[in-house]
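Down below is the structure, laid out as structure tokens.
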Amino acid sequence: MERPGNKILQGKLVLLEDMGTGKTRVVLRFVKGQFFDHQESTIGAAFFTQIISLPEATVKFDIWETAGQERYHSLAPMYYRGAAAAIVFYDITNMVAILIPSK
């Protein structure tokens with residue numbers, strides 16, 4: 001929760017890339033403190049909000065998670081727009097994904 005008189009910072013954070021790399025699991029752990037071994041794939045995109053109170057400021061994260069499936073890649077730039085930060089997820093065991101990133 002916000003602290004009275006505290007500076008409020010807001011930023012858009014996007015989670016990007018490969019399907020099946022655990023983006024939804026990570027964001028649910030961060031936002032709701034939940035972790036599930038099995039999670040349904042995101043369809044299109046998902047939106048989450050998390051507020052963190054620090055002594056210096058209150059930080060509000062608007063978190064956009066994009067689906068990793070190829071058919072949704074054309075929508076991704078719409079979600080990136082205006083982002084302050086991005087976290088890229090990839091499968092380190094998939095050498096093709098590492099050596100030849102998708103466009």
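The values are calculated or read from the model by the stated rules, or taken from the named source; none is laboratory data. Worth saying up front: this structure is predicted, and the values here are computed from it rather than measured.
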Worksheet item: Within region 10-32, how many residues are of a type in the set (S, T, N, Q) and within 10 Å of the chain's Cα centre (by Cα)?
Response: 1
Worksheet item: Within region 64-103, how many residues turn out to be at pLDDT 90 or above and part of a strand (DSSP E or B)?
Response: 1
